[in-house]
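Inspection log for the structure reproduced underneath, given as structure tokens.
No value in this document is a laboratory result; all are computed from the given coordinates. Since the structure is predicted, the reported quantities are computational estimates derived from the model, not experimental observations. Note that each Cβ is placed from the backbone with ideal geometry, even for glycine, and that neighbours are counted across all protein chains shown.
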Amino acid sequence: MMRIRFRRWSLLTTIAATAACVSAEQLDEDGHEFDELAESVTIDTAATYTIVGVQSGKCVEVAGGSTADAAALQIASCNGSTRQQFRMESAGGGYYRIRNVNSNRCMDVAGASTSDGARIQQYSCWSGENQQWSFTDVASGVVRLTARNSGKSLDVYGRGTADGTAVIQWASNGGTNQQFRITPVSSGTGGTGSGGTGGSGGTGGTGGTGGTGGSGGSGGSGGGEGCGLPTTFRWQSSSALVSPKSDATHNIVSIKDPTVSFFNDRWHIYATTANTAGNWQMTYLNFTDWSQAASASHYYMDRTPGFSGYRCAPQMFFFRPQNKWYLIYQSQPPQFSTTSDPSRPDTWTRPQNFFASTPAGMPSLPIDYWVICDSANCYLFFTGDDGRMYRSQTTLQNFPNGFGPVSIALQDSNRNNLFEGSSTYKIKGMNKYLTLIEAIGPTGARFYRSFTADRLDGAWTPLAHTWNAPFAGQNNVTYAPGVADWSDDVSHGELVRDGNDETATIDTCNLQFLYQGRNPSSGGEYSQLPYRLGLLKAVR
């Protein structure tokens with residue numbers, strides 16, 4: 001195993017500081033000197049660590065052992081549990097992502113805030129600088145942790161020592177509540193990145209955490225996460241889990257186009273509904289377990305101010321740079337709303353348009369919008385029932401504004417091959433993206449084709465894409481024991497994501513697909529087809 005010591009400050013920086021008569025020595029809040037230019041600590045990326053506050057003698061942990069996004073970090077008496085254990089993953093440049101062993105989520109400055117007092121939480125790991133931390137020696141075996149996005153230090157709130165005291169960020173002041181012991185509880189033989197010195201990649205090993213390579217400099221991350229991407233798929237389907245529900249003012253015949261998130265220990269679904277008059281709208285439901293989905297109450301979104309009229313095909317995600325949730329939907333142009341709490345569907349803001357006017361390249365019938373972001377840009381993908389998938393983009397910083405002209409991302413001369421219902425995902429542990437597009441098969445049944453790309457604005461390569469060997473369709477779906485064959489369609493759906501943020505990351509170790517299906521003998525006008533929601537689970 002190779003261990004590399006990273007220096008936070010280069011020789012050139014030190015010379016410049018000396019020439020400018022800047023002293024490296026400063027006074028902490030108790031009047032003692034501390035060294036702002038100290039050398040960084042040695043980190044073994046294959047080891048597991050506890051992070052123990054010097055002042056309190058207590059361990060940093062995820063509150064309640066939660067595995068949910070946005071769960072707070074706090075201190076508590078050290079107890080050896082995995083909620084108090086972390087792994088360090090090189091992010092390059094001498095910075096690390098700090099991943100909790102219990103939840104598999106990373107230490108995160110909430111909302112990418114740069115303010116003193118911003119809460120530290122866990123969130124699905126991504127490439128953002130609000131999840132990148134440096135370690136600087138302040139004494140033998142004692143370090144200060146600094147967030148890359150803000151330059152501020154990990155801090156125990158109010159210099160508290162009680163169990164449950166919050167962990168926040170604060171300007172570096174040398175206080176012992178900003179000092180921690182990083183203590184290994186296990187070691188390994190994995191690689192260590194060379195990010196501190198730049199270069200084209202790390203020296204990662206093949207053992208330890210299972211990585212196939214380290215990360216560093218301008219190179220990609222090996223990570224060792226996920227299970228890779230299969231080239232063929234098999235699925236087992238549940239029964240119809242969610243059916244339409246009517247009330248005195250809503251005569252609902254169909255529920256379809258679901259978006260699904262798991263947070264605060266509950267499943268949250270927004271979906272399209274159709275009524276007996278053929279009008280499209282949306283509904284919301286939540287539950288703790290899929291066995292409760294059928295009995296969950298439905299909230300009709302036309303009760304929320306601004307949501308009356310035609311709105312459907314939702315996508316929901318948490319946009320971390322702004323610390324808010326977005327709901328994307330069609331009306332026919334793409335629209336969005338935001339909230340701080342999607343479990344309260346009445347709190348969504350009034351609909352707003354992405355485009356002030358129709359952009360160049362827009363098809364005549366744009367439908368089924370999907371947003372996904374990388375570390376620099378956000379992309380709006382959609383289809384048009386015309387054999388094409390379209391793309392528009394803006395910068396991450398400018399989102400949701402600034403979307404430019406529409407271009408063709410993927411096309412086929414047979415419109416049925418690229419019909420509608422597209423969705424795009426980042427594959428966990430790989431520098432690769434997966435796009436799913438609904439197609440119409442030779443029998444008229446719906447199925448899903450798949451494509452991959454190395455970048456969101458790149459070329460898409462077919463993966464599992466035929467009627468006989470699809471991503472998901474009647475030719476590779478069986479039913480759970482005791483479940484009758486209830487649908488020939490595997491129609492508009494969404495993969496269950498590994499987290500809820502704008503990166504739309506999926507874990508191929510646990511593929512699940514919430515889809516719409518219907519009785520094979522049903523027929524009639526499209527809005528009146530009796531779609532229900534079922535869940536596919538990958539069979540490995």
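Straight distance only, please: which lysines reach the Cα of K58 with their own Cα at less than 27 Å, same-chain residues fewer than 8 apart left out? Correct list for K58: K152. The share of C-alpha pairs in the range 235-538 whose separation exceeds 31 Å stands at 22 percent.
If R0 is 25 Å, what FRET efficiency do you get for N510 and A469 from their C-beta distance, rounded to 0.05?
FRET efficiency, N510 to A469: 0.70.
Which parts of the range 343-379 would a label at S407 reach, counting a residue when its backbone N lies under 12 Å from a point 7 Å out along Cα-to-Cβ? Nothing falls inside the zone, counting backbone N under 12 Å.
Under unit Cβ charges (Lys, Arg +1; Asp, Glu -1), what dipole magnitude, rounded to 20 debye, does the chain have relative to its Cα centre?
Details: 40 positive and 44 negative charges, 129 e Å.
My answer is approximately 620 debye.
Sequence gap at least 6, Cα distance under 8 Å: using those rules, report the relative contact order of the range 48-185 to the nearest whole percent. Numbers along the way, then the final one.
Working: 382 pairs, mean separation 40.3, N = 138.
It rounds to 29 percent for the range 48-185.
Couplings 3J(HN,Hα) for the range 109-118, derived from phi with the Karplus relation 6.51 cos²θ - 1.76 cosθ + 1.60 (θ = phi - 60°), are 7, 4, x, 6, 5, 10, 8, 4, x, 4 Hz, where x marks Gly and Pro. Over the chain, Cα pairs under 8 Å with separation of 6+ residues give a relative contact order of 12 percent.
Here the 3J(HN,Hα) profile of the range 152-164, calculated from phi with Karplus coefficients 6.51, -1.76 and 1.60 at θ = phi - 60°, is 9, 9, 5, 9, 8, 3, x, 6, x, 10, 7, 3, x Hz, Gly and Pro shown as x.
Under 19 Å of direct C-alpha separation, and excluding same-chain neighbours fewer than eight residues apart, K537 reaches these lysines: K256, K426, K428.
Apply 1/(1 + (r/R0)^6) to the Cβ-Cβ distance of S522 and T338, taking R0 = 41 Å, and write down the FRET efficiency to the nearest 0.05. Efficiency, from the Cβ-Cβ distance: 0.65.
This model, with +1 at the C-beta of Lys and Arg and -1 at the C-beta of Asp and Glu, gives the range 48-185 a dipole about its Cα centre of some 140 debye.
Semi-axes of the equivalent ellipsoid of the range 384-540 are 27, 19, 15 Å, computed as sqrt(5λ) over the eigenvalues of the C-alpha gyration tensor in descending order.
Grab the DSSP H runs of the chain that are 4 residues or longer, score each as -39,500 (n - 2.57), total them, divide by all residues and round the 222 nm result to the nearest 500 deg cm²/dmol.
Working: 1 runs with 9 residues, N = 540.
Value at 222 nm, helices only, nearest 500: -500 deg cm²/dmol.
The H on the amide N of T505, modeled in the peptide plane, is under 5 Å from the matching H of K426, D498, each at least 5 residues off or on a different chain. Computed on the range 270-366, with alpha-carbon pairs under 8 angstrom and 6+ residues apart, the relative contact order is 20 percent.
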